[in-house]
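Reading through the structure tokens given below for one structure.
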Amino acid sequence: MDLYHVLNRGVEKRNIFMDNRDHARFVHDMYEFNDTKPAGNSYRAFPMMDIVSPSWVPRHAAERERERLVDIHAWCLMGNHYHLLISEIKEGGLSAFLRKLNVGYAKYFNERYRRAGTLFQGRTKKILIRNDAHFLHILHYIHLNPLDFNQKTKEWRTGRLSGHVQALQNLKKHRWSSFLDYCGQKNFPSVITRDLFGDIFGNYDKTIAEYLRTMDSDIVNEYTLE
């Protein structure tokens, strides 16, 4: 199984998430477009009030058979970009899913904000996870991105973090990632597959706390992408 770290950002580094409605829309799309069936016009029929509730379960999810294109192992939404950790289920599924996701979300965004043109800056970057060190680091890397929102915790990118307790508290306040689901708090459990990392990290609350406390600057610097 090949595992890919996938990311894309707004054209000219513009924000692609203006508020929680946009975040929620993208989460909806990650679920809705992870299907071999054509995307259709589902970007128009969006049950906003369903998805903003805790423990969101897609409407009619139990009634509708899905044939997924990919497994989404982790995700995080930032202001002007997103991160996904994905493995392919169907041949060509990764490209098909990303095409549907980017096009579908861009249509929604342009319609909502009455704009035209490209939303994303280019082709989605796909980085193959090639070794054990990268594999053991990548889940944490994706989940730690929201620390950039706070000047006091932004130093995590140097591989040194003095306020690791504060950092952990900040991460738990950011709903728009798979972090809470990995910590056992149902957030958007229908979107992700946790099996790959669940047995490796066990109690993720304790794992990430220890990772923050004993960060290895060499590992962080080697795999930092921004």
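The values are calculated or read from the model by the stated rules, or taken from the named source; none is laboratory data. All figures in this text were calculated on a predicted structure; none of them were measured in a lab. As a convention, Cβ positions derive from the backbone with ideal geometry for all residues, glycine included, and neighbour counts pool all protein chains shown. Quick note on the areas: whole protein, heavy atoms, side chains included, nothing else; ligands and nucleic acids left out. Shrake-Rupley method; radii C 1.70, N 1.55, O 1.52, S 1.80 Å.
Scanning the range 142-195 for residues that are acidic (Asp, Glu), free of Cβ contacts under 8 Å to residues at least 60 places away in the same chain and more than 19 Å from Lys206 (Cα to Cα) returns a single hit, Glu155. Consider the range 119-135 and keep the residues that are more than 17 Å from the chain's Cα centre (by Cα) and surrounded by 12 or more Cβ atoms within 10 Å (Cβ to Cβ). The one that is modelled with the highest pLDDT is Leu119. In the range 107-130, the residues that are closer than 22 Å to Ser95 by Cβ reach residues that are hydroxyl-bearing (Ser, Thr, Tyr) and part of a loop (DSSP other than H, G, I, E, B) with C-beta atoms within less than 9 angstrom, at least six apart or across chains, in these pairs: Lys107/Tyr43; Tyr108/Tyr43. Reported count of residues in the range 159-185, each being at pLDDT 90 or above and either part of a loop (DSSP other than H, G, I, E, B) or buried (at least 19 other Cβ atoms within 10 Å of the Cβ) (or both), is 13.
Applying a threshold of 7 Å to beta carbon distances and a minimum spacing of six or more residues, or different chains, the list of pairs starting in the range 11-29 at a residue that is farther than 22 Å from Leu69 by Cα and β-branched (Val, Ile, Thr) and ending at one that is open to solvent by 10 Å² or more (accessible area, probe 1.4 Å) and not in a helix (DSSP H, G or I) reads Val11/Thr118; Val11/Phe120; Val11/Gln121; Ile16/Asn80. With respect to the conditions (1) open to solvent by 20 Å² or more (accessible area, probe 1.4 Å); (2) small (Gly, Ala, Ser); (3) at pLDDT 55 or above, Ala45 falls short on a single one, namely (3). Scanning the range 112-140 for residues that are among the hydroxyl-bearing types (Ser, Thr, Tyr) and farther than 20 Å from His23 by Cβ yields one hit, Thr118.
Of all residues in the range 138-156, those that are part of a helix (DSSP H, G or I) and surrounded by fewer than 19 Cβ atoms within 10 Å (Cβ to Cβ) total 4.
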